[in-house]
Amino acid sequence: MIPASFDYVRPQSLEDALAQLREHGEDARVLAGGHSLLPVMKARLADPGVLIDVAGLEDLSGISESEGSEGGVRIGAMTTHAEIEASSLVRGKCYSLVEAAGAIGDVQVRNRGTLGGSLAHADPAADYPAVVLAAGAEITVVGADGERVIGADDFFTGAYETALRAGEIITSVRIRASAVRGSSAYLKAAQQASGFAVCGVAARLALDGNGVVASIRVGVTGVAATAYRATSVENALMGSAPSAESIRKAAAGAGEGVDALDDFYAGADFRRHLAGVYTARAIGKAWIRATGK
Ligand SMILES: Cc1cc2nc3c(=O)[nH]c(=O)nc-3n(C[C@H](O)[C@H](O)[C@H](O)COP(=O)(O)OP(=O)(O)OC[C@H]3O[C@@H](n4cnc5c(N)ncnc54)[C@H](O)[C@@H]3O)c2cc1C
(Lines give C-alpha, C1' and ligand atoms only; values in the text may rest on other atoms or scores of the structure.)
Protein backbone atom coordinates (compact mmCIF):
# COMPACT_ATOMS: atom_id res chain seq x y z
CA MET A 1 0.00 0.00 0.00
CA ILE A 2 1.06 3.59 -0.59
CA PRO A 3 1.01 6.19 2.20
CA ALA A 4 -0.73 9.54 1.88
CA SER A 5 1.61 12.24 0.56
CA PHE A 6 3.87 14.02 3.04
CA ASP A 7 6.71 16.53 3.16
CA TYR A 8 10.18 15.41 4.12
CA VAL A 9 12.69 17.55 5.96
CA ARG A 10 16.22 16.71 7.05
CA PRO A 11 17.37 19.06 9.81
CA GLN A 12 21.10 19.61 10.23
CA SER A 13 21.04 19.95 14.02
CA LEU A 14 18.99 18.84 17.03
CA GLU A 15 17.90 22.46 17.59
CA ASP A 16 16.69 22.61 14.01
CA ALA A 17 14.78 19.32 14.44
CA LEU A 18 13.08 20.63 17.60
CA ALA A 19 12.19 23.87 15.81
CA GLN A 20 10.65 21.89 12.94
CA LEU A 21 8.61 19.85 15.43
CA ARG A 22 7.40 23.05 17.09
CA GLU A 23 6.52 24.63 13.76
CA HIS A 24 4.50 21.70 12.42
CA GLY A 25 2.97 20.56 15.72
CA GLU A 26 0.77 17.46 15.58
CA ASP A 27 1.17 17.22 11.81
CA ALA A 28 4.85 16.26 12.18
CA ARG A 29 6.50 12.97 13.12
CA VAL A 30 10.11 12.13 13.77
CA LEU A 31 11.49 9.65 11.23
CA ALA A 32 14.23 7.31 12.45
CA GLY A 33 14.67 3.94 10.70
CA GLY A 34 11.13 4.05 9.34
CA HIS A 35 10.54 0.37 10.07
CA SER A 36 7.53 0.97 12.28
CA LEU A 37 6.37 4.39 11.10
CA LEU A 38 6.27 3.67 7.37
CA PRO A 39 4.28 0.41 7.69
CA VAL A 40 1.76 2.29 9.84
CA MET A 41 1.59 5.08 7.23
CA LYS A 42 1.21 2.56 4.40
CA ALA A 43 -1.70 0.98 6.26
CA ARG A 44 -3.14 4.51 6.55
CA LEU A 45 -3.23 4.24 10.34
CA ALA A 46 -1.21 7.47 10.49
CA ASP A 47 -0.92 10.27 7.96
CA PRO A 48 1.56 12.88 9.18
CA GLY A 49 2.01 15.81 6.82
CA VAL A 50 5.71 16.21 7.60
CA LEU A 51 8.41 13.68 8.39
CA ILE A 52 11.45 15.05 10.21
CA ASP A 53 14.35 12.74 9.48
CA VAL A 54 16.76 12.73 12.42
CA ALA A 55 19.33 10.45 10.75
CA GLY A 56 22.83 11.88 10.90
CA LEU A 57 22.25 14.09 13.96
CA GLU A 58 25.38 13.74 16.08
CA ASP A 59 23.53 14.14 19.41
CA LEU A 60 21.52 11.00 18.63
CA SER A 61 24.36 8.76 17.50
CA GLY A 62 27.17 6.67 18.93
CA ILE A 63 27.83 4.16 21.67
CA SER A 64 30.18 5.25 24.45
CA GLU A 65 31.07 4.71 28.09
CA SER A 66 28.69 6.91 30.05
CA GLU A 67 30.06 9.54 32.39
CA GLY A 68 29.96 8.88 36.13
CA SER A 69 31.37 6.33 38.50
CA GLU A 70 29.13 3.39 37.67
CA GLY A 71 30.78 2.68 34.32
CA GLY A 72 27.68 2.32 32.24
CA VAL A 73 27.03 2.82 28.56
CA ARG A 74 25.31 5.63 26.63
CA ILE A 75 23.63 4.57 23.42
CA GLY A 76 22.44 7.21 20.97
CA ALA A 77 18.79 6.95 19.98
CA MET A 78 19.68 6.49 16.29
CA THR A 79 21.87 3.47 16.97
CA THR A 80 20.59 0.59 14.86
CA HIS A 81 19.77 -2.87 16.16
CA ALA A 82 22.71 -4.23 14.13
CA GLU A 83 25.14 -1.75 15.71
CA ILE A 84 23.97 -2.75 19.19
CA GLU A 85 24.25 -6.44 18.34
CA ALA A 86 27.84 -5.91 17.15
CA SER A 87 28.97 -3.71 20.05
CA SER A 88 31.46 -5.32 22.43
CA LEU A 89 30.97 -2.35 24.79
CA VAL A 90 27.23 -3.02 25.08
CA ARG A 91 27.89 -6.76 25.39
CA GLY A 92 30.15 -6.13 28.37
CA LYS A 93 27.75 -3.75 30.10
CA CYS A 94 24.38 -5.30 29.28
CA TYR A 95 24.45 -8.69 27.59
CA SER A 96 20.65 -8.88 27.35
CA LEU A 97 20.47 -5.80 25.12
CA VAL A 98 22.80 -7.43 22.60
CA GLU A 99 20.68 -10.60 22.71
CA ALA A 100 17.48 -8.61 22.15
CA ALA A 101 18.95 -6.61 19.27
CA GLY A 102 20.14 -9.77 17.54
CA ALA A 103 16.70 -11.33 17.84
CA ILE A 104 14.79 -8.46 16.19
CA GLY A 105 13.13 -9.14 12.84
CA ASP A 106 15.51 -9.87 10.01
CA VAL A 107 18.79 -8.41 8.72
CA GLN A 108 17.07 -5.57 6.87
CA VAL A 109 15.09 -4.52 9.94
CA ARG A 110 18.18 -4.74 12.15
CA ASN A 111 20.20 -2.61 9.72
CA ARG A 112 17.62 0.21 9.61
CA GLY A 113 15.59 0.09 12.82
CA THR A 114 16.84 2.06 15.82
CA LEU A 115 16.78 1.84 19.60
CA GLY A 116 15.07 5.22 19.97
CA GLY A 117 12.49 4.42 17.31
CA SER A 118 11.58 1.15 18.95
CA LEU A 119 11.21 2.70 22.41
CA ALA A 120 9.17 5.64 21.10
CA HIS A 121 6.89 3.31 19.12
CA ALA A 122 6.28 1.14 22.23
CA ASP A 123 4.86 -1.83 20.37
CA PRO A 124 3.50 -4.29 22.96
CA ALA A 125 5.46 -7.06 21.21
CA ALA A 126 8.76 -5.18 20.85
CA ASP A 127 11.87 -6.67 22.44
CA TYR A 128 13.71 -3.68 23.93
CA PRO A 129 11.07 -2.65 26.49
CA ALA A 130 11.73 -5.83 28.53
CA VAL A 131 15.46 -5.16 28.48
CA VAL A 132 15.35 -1.50 29.44
CA LEU A 133 12.95 -2.32 32.29
CA ALA A 134 15.23 -5.07 33.59
CA ALA A 135 18.27 -2.85 33.22
CA GLY A 136 16.66 0.11 34.96
CA ALA A 137 17.73 2.18 31.96
CA GLU A 138 17.40 5.96 31.80
CA ILE A 139 15.98 7.48 28.65
CA THR A 140 17.11 11.04 27.88
CA VAL A 141 14.70 13.19 25.90
CA VAL A 142 14.81 16.79 24.77
CA GLY A 143 12.01 19.17 23.90
CA ALA A 144 11.03 22.81 23.98
CA ASP A 145 11.48 22.89 27.78
CA GLY A 146 14.95 21.38 27.62
CA GLU A 147 16.29 17.98 28.55
CA ARG A 148 14.80 15.47 30.99
CA VAL A 149 15.59 11.91 31.96
CA ILE A 150 12.82 9.32 32.19
CA GLY A 151 13.38 6.07 34.08
CA ALA A 152 12.34 2.97 32.15
CA ASP A 153 9.77 2.17 34.88
CA ASP A 154 7.93 5.38 33.99
CA PHE A 155 8.42 5.35 30.23
CA PHE A 156 5.88 2.84 28.89
CA THR A 157 2.37 4.00 29.69
CA GLY A 158 0.23 1.83 27.39
CA ALA A 159 0.13 0.06 24.04
CA TYR A 160 1.99 2.38 21.65
CA GLU A 161 2.00 5.01 24.41
CA THR A 162 4.91 6.49 26.30
CA ALA A 163 5.77 9.31 28.66
CA LEU A 164 7.14 11.32 25.70
CA ARG A 165 5.48 14.72 25.43
CA ALA A 166 4.52 16.37 22.16
CA GLY A 167 7.58 17.75 20.38
CA GLU A 168 10.09 15.69 22.39
CA ILE A 169 12.87 13.61 20.86
CA ILE A 170 14.69 10.72 22.51
CA THR A 171 18.40 11.45 22.32
CA SER A 172 19.98 8.54 24.17
CA VAL A 173 19.58 5.64 26.55
CA ARG A 174 21.89 5.10 29.51
CA ILE A 175 22.40 1.71 31.11
CA ARG A 176 24.53 1.04 34.16
CA ALA A 177 27.14 -1.70 33.86
CA SER A 178 26.38 -5.14 35.26
CA ALA A 179 27.79 -5.69 38.74
CA VAL A 180 31.04 -7.64 39.03
CA ARG A 181 29.12 -10.77 40.00
CA GLY A 182 26.16 -9.92 37.82
CA SER A 183 24.82 -10.48 34.38
CA SER A 184 21.67 -10.44 32.30
CA ALA A 185 19.87 -12.44 29.64
CA TYR A 186 17.01 -11.99 27.17
CA LEU A 187 14.95 -14.81 25.68
CA LYS A 188 11.76 -14.81 23.67
CA ALA A 189 9.13 -16.94 22.04
CA ALA A 190 8.90 -15.24 18.66
CA GLN A 191 6.11 -14.83 16.12
CA GLN A 192 7.20 -17.04 13.27
CA ALA A 193 6.89 -14.48 10.48
CA SER A 194 8.02 -11.16 11.98
CA GLY A 195 10.13 -12.21 14.94
CA PHE A 196 8.12 -9.97 17.31
CA ALA A 197 7.80 -11.36 20.85
CA VAL A 198 4.78 -13.44 21.80
CA CYS A 199 6.59 -13.47 25.11
CA GLY A 200 10.02 -11.96 25.77
CA VAL A 201 11.74 -11.84 29.14
CA ALA A 202 14.86 -9.99 30.24
CA ALA A 203 16.44 -10.70 33.61
CA ARG A 204 19.29 -8.88 35.26
CA LEU A 205 20.78 -9.86 38.60
CA ALA A 206 23.76 -9.32 40.83
CA LEU A 207 25.07 -11.72 43.49
CA ASP A 208 27.04 -10.95 46.64
CA GLY A 209 30.16 -12.87 47.66
CA ASN A 210 28.03 -15.67 49.14
CA GLY A 211 25.98 -16.14 45.98
CA VAL A 212 22.96 -14.36 47.47
CA VAL A 213 20.87 -12.20 45.14
CA ALA A 214 21.76 -8.57 45.92
CA SER A 215 19.63 -7.11 43.14
CA ILE A 216 17.30 -8.48 40.51
CA ARG A 217 14.99 -6.97 37.91
CA VAL A 218 12.82 -8.83 35.42
CA GLY A 219 11.09 -7.24 32.41
CA VAL A 220 8.37 -8.97 30.40
CA THR A 221 7.18 -7.96 26.92
CA GLY A 222 4.68 -9.36 24.44
CA VAL A 223 2.38 -10.71 27.15
CA ALA A 224 0.33 -7.64 28.06
CA ALA A 225 -0.53 -4.39 26.29
CA THR A 226 2.44 -2.79 28.02
CA ALA A 227 5.75 -4.30 29.02
CA TYR A 228 5.96 -4.78 32.79
CA ARG A 229 8.29 -5.75 35.60
CA ALA A 230 7.64 -9.11 37.25
CA THR A 231 8.02 -7.69 40.76
CA SER A 232 6.61 -10.74 42.56
CA VAL A 233 9.37 -12.82 40.99
CA GLU A 234 12.00 -10.25 41.92
CA ASN A 235 10.75 -10.13 45.53
CA ALA A 236 10.69 -13.92 45.82
CA LEU A 237 14.34 -14.27 44.81
CA MET A 238 15.83 -11.15 46.38
CA GLY A 239 18.06 -12.02 49.35
CA SER A 240 18.12 -15.74 48.58
CA ALA A 241 20.81 -18.02 47.21
CA PRO A 242 18.94 -19.30 44.17
CA SER A 243 18.72 -22.83 42.86
CA ALA A 244 17.19 -24.09 39.64
CA GLU A 245 14.15 -25.18 41.67
CA SER A 246 13.69 -21.87 43.52
CA ILE A 247 14.05 -19.93 40.26
CA ARG A 248 11.40 -22.07 38.57
CA LYS A 249 9.05 -21.72 41.54
CA ALA A 250 9.45 -17.94 41.75
CA ALA A 251 9.20 -17.47 37.98
CA ALA A 252 5.81 -19.17 37.86
CA GLY A 253 4.37 -15.91 39.20
CA ALA A 254 5.52 -13.83 36.22
CA GLY A 255 2.21 -14.10 34.39
CA GLU A 256 -0.11 -14.33 37.41
CA GLY A 257 -2.87 -11.74 37.48
CA VAL A 258 -1.67 -10.19 34.23
CA ASP A 259 -4.31 -8.93 31.80
CA ALA A 260 -2.71 -10.87 28.95
CA LEU A 261 -3.16 -10.26 25.23
CA ASP A 262 -5.34 -12.80 23.46
CA ASP A 263 -4.89 -12.83 19.70
CA PHE A 264 -4.12 -14.79 16.57
CA TYR A 265 -0.63 -15.66 17.80
CA ALA A 266 -1.41 -16.89 21.32
CA GLY A 267 -4.28 -17.01 23.80
CA ALA A 268 -4.12 -15.20 27.15
CA ASP A 269 -3.61 -18.36 29.25
CA PHE A 270 -0.81 -19.55 27.00
CA ARG A 271 0.90 -16.16 27.17
CA ARG A 272 0.71 -16.17 30.98
CA HIS A 273 2.19 -19.68 30.94
CA LEU A 274 4.98 -18.56 28.61
CA ALA A 275 5.76 -15.66 30.94
CA GLY A 276 6.56 -18.16 33.72
CA VAL A 277 8.57 -20.48 31.48
CA TYR A 278 10.65 -17.74 29.85
CA THR A 279 11.19 -15.91 33.12
CA ALA A 280 12.68 -19.07 34.62
CA ARG A 281 14.91 -19.53 31.58
CA ALA A 282 16.07 -15.90 31.47
CA ILE A 283 16.86 -15.76 35.20
CA GLY A 284 18.58 -19.13 34.97
CA LYS A 285 20.74 -17.96 32.10
CA ALA A 286 21.66 -14.68 33.82
CA TRP A 287 22.45 -16.60 37.03
CA ILE A 288 24.73 -19.06 35.20
CA ARG A 289 26.53 -16.14 33.55
CA ALA A 290 26.91 -14.34 36.88
CA THR A 291 28.29 -17.39 38.67
CA GLY A 292 30.39 -18.53 35.75
CA LYS A 293 29.04 -22.08 36.23
C1 LIG B 1 9.26 -7.01 9.25
C2 LIG B 1 9.51 -6.38 10.57
C3 LIG B 1 9.86 -7.18 11.64
C4 LIG B 1 10.09 -6.61 12.89
N5 LIG B 1 10.41 -7.44 13.94
C6 LIG B 1 10.63 -6.90 15.16
C7 LIG B 1 10.99 -7.72 16.26
O8 LIG B 1 11.15 -8.93 16.16
N9 LIG B 1 11.17 -7.12 17.46
C10 LIG B 1 11.06 -5.76 17.64
O11 LIG B 1 11.24 -5.26 18.74
N12 LIG B 1 10.76 -4.95 16.60
C13 LIG B 1 10.54 -5.49 15.38
N14 LIG B 1 10.24 -4.66 14.32
C15 LIG B 1 10.18 -3.20 14.55
C16 LIG B 1 11.56 -2.60 14.36
O17 LIG B 1 12.38 -2.92 15.46
C18 LIG B 1 11.52 -1.08 14.20
O19 LIG B 1 12.73 -0.72 13.65
C20 LIG B 1 11.35 -0.27 15.47
O21 LIG B 1 10.23 -0.65 16.19
C22 LIG B 1 11.18 1.19 15.15
O23 LIG B 1 12.41 1.79 14.94
P24 LIG B 1 12.64 2.75 13.73
O25 LIG B 1 13.99 3.34 13.94
O26 LIG B 1 12.40 2.04 12.48
O27 LIG B 1 11.54 3.91 14.02
P28 LIG B 1 10.53 4.65 13.04
O29 LIG B 1 9.70 3.67 12.33
O30 LIG B 1 11.25 5.65 12.22
O31 LIG B 1 9.67 5.44 14.13
C32 LIG B 1 8.78 4.76 14.99
C33 LIG B 1 8.06 5.78 15.88
O34 LIG B 1 8.97 6.34 16.81
C35 LIG B 1 9.07 7.77 16.62
N36 LIG B 1 10.49 8.07 16.81
C37 LIG B 1 11.53 7.52 16.16
N38 LIG B 1 12.68 7.95 16.66
C39 LIG B 1 12.38 8.81 17.66
C40 LIG B 1 13.17 9.58 18.57
N41 LIG B 1 14.50 9.54 18.58
N42 LIG B 1 12.52 10.36 19.47
C43 LIG B 1 11.15 10.39 19.49
N44 LIG B 1 10.36 9.69 18.65
C45 LIG B 1 10.98 8.90 17.75
C46 LIG B 1 8.54 8.03 15.24
O47 LIG B 1 8.03 9.33 15.11
C48 LIG B 1 7.47 6.97 15.09
O49 LIG B 1 6.30 7.39 15.76
C50 LIG B 1 10.00 -5.21 13.07
C51 LIG B 1 9.67 -4.39 11.97
C52 LIG B 1 9.45 -4.96 10.73
C53 LIG B 1 9.11 -4.06 9.58
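With a 1.4 Å probe and every protein chain kept in, tell me what percent of the accessible surface of the chain is carbon plus sulfur. Walk me through the intermediate numbers first.
Details: 6580 of 13260 Å².
Of all accessible area on the chain, carbon and sulfur atoms account for 50 percent.
Report, to the nearest 10°, how far helix 268-291 tilts away from the longest principal axis of the Cα atoms in the chain, using its own Cα long axis and a range of 0 to 90°.
It works out to around 70 degrees.
Grab the eigenvalues of the alpha-carbon gyration tensor for the chain, scale each by 5, take roots, and send me the semi-axes largest first in whole angstrom. Mind showing how you got there, number by number?
Values: eigenvalues 218, 96, 46 Å².
Semi-axis lengths for the chain are 33, 22, 15 Å.
Extending each Cα 7 Å along its Cβ direction at TYR8 and THR291, get the distance between those two points in nm, one decimal.
It works out to 5.4 nm between the two label points.
For the chain, what is the mean residue ellipticity at 222 nm derived from helices alone (per DSSP H run of n ≥ 4: -39500 (n - 2.57); sum divided by total residues; nearest 500 deg cm²/dmol)? Working shown, then result.
On the way: 12 runs with 101 residues, N = 293.
Computed ellipticity for the chain at 222 nm equals -9500 deg cm²/dmol.
Give me the distance between the Cα centres of segment 1-33 and segment 192-234, rounded to whole Å.
Taking the Cα centre of segment 192-234 as reference, the centre of segment 1-33 is 35 Å away.
Report ³J(HN,Hα) in whole Hz for each residue of segment 123-134, in order, from the Karplus equation J = 6.51 cos²θ - 1.76 cosθ + 1.60 where θ = phi - 60°; Gly and Pro get x.
5, x, 9, 6, 7, 4, x, 4, 5, 5, 5, 5
Residue-wise, which Karplus ³J(HN,Hα) couplings in Hz belong to segment 49-66, taking 6.51 cos²θ - 1.76 cosθ + 1.60, θ = phi - 60°, and x for glycine or proline?
x, 9, 9, 9, 7, 9, 4, x, 6, 4, 4, 9, 10, x, 10, 8, 4, 7
When only DSSP loop residues count, what chymotrypsin sites (Phe, Trp or Tyr not before Pro) in segment 168-265 have their Cβ near at most 16 other Cβ atoms within 10 Å?
PHE264
Near GLY34, within a Cβ-to-Cβ distance under 12 Å, what is the net charge of the other residues, with Lys and Arg +1 and Asp and Glu -1?
+2
So how much slack lies between ALA225 and ALA244, counting 0.36 nm per residue of separation and subtracting their Cα-Cα distance, in nm?
Values: separation 19, 0.36 × 19 = 6.84 nm, distance 2.97 nm.
Additional length available on full extension: 3.9 nm.
If you count only protein heavy atoms with a 1.4 Å probe, what accessible area per residue comes out for segment 7-53, rounded to a whole Å²? Intermediate values should be presented prior to the final figure.
Details: 2660 Å² over 47 residues.
Using a 1.4 Å probe on heavy atoms only, each residue of segment 7-53 averages 57 Å².
Taking H placed 1.01 Å from N in the peptide plane, check which residues at least 5 places from SER172 or on another chain put their amide H under 5 Å from its amide H.
ALA77, THR140
Show me, for segment 177-183, the HN-Hα J-couplings you get by feeding each phi into the Karplus relation (A = 6.51, B = -1.76, C = 1.60, θ = phi - 60°), rounded to Hz, glycine and proline as x.
Residue by residue, segment 177-183 yields 5, 4, 5, 3, 9, x, 6 Hz.
Taking the dipole about the Cα centre of the chain, with the C-beta of Lys and Arg at +1 and of Asp and Glu at -1, give me whichever of GLY92, GLY211, ALA28 is farthest to the positive side.
Positive-most Cα among the choices belongs to GLY211.
Starting from the Cα gyration tensor of segment 182-291, take the square roots of the eigenvalues, sort them a ≥ b ≥ c, and report rounded, prolate or oblate (rounded when a/c is under 1.5, otherwise prolate if a/b is larger than b/c, else oblate).
Working: a/c = 2.51, a/b = 1.89, b/c = 1.33.
It comes out prolate by the Cα gyration axes.
I want to check a number: in the chain, how many lysine pairs have alpha carbons closer than 23 Å, given a sequence separation of 8 or more or different chains?
9
Would you mind calculating the relative contact order of the chain from Cα pairs under 8 angstrom and at least 6 residues apart, reporting the percent as a whole number? Mind dumping the intermediate values first?
Details: 705 pairs, mean separation 44.9, N = 293.
About 15 percent, as a whole number.
I need to check one value: relative contact order of segment 58-175, counting alpha carbon pairs closer than 8 Å and at least 6 residues apart, in percent.
Numbers: 225 pairs, mean separation 32.5, N = 118.
Once normalised by length, the contact order is 28 percent.
Mind checking the dipole of the chain: about its Cα centre, +1 per Lys or Arg Cβ, -1 per Asp or Glu Cβ, Debye to the nearest 20?
So the dipole magnitude of the chain works out to roughly 1280 debye.
The values are calculated or read from the model by the stated rules, or taken from the named source; none is laboratory data. In this text, all values refer to a predicted model and were calculated from it rather than measured experimentally. No Cβ is skipped: glycine too gets one built from the backbone with ideal geometry, and neighbour counts run over all protein chains shown. We work out accessible area using only protein heavy atoms, side chains counted, and drop any ligands, DNA or RNA first. Shrake-Rupley method; radii C 1.70, N 1.55, O 1.52, S 1.80 Å.
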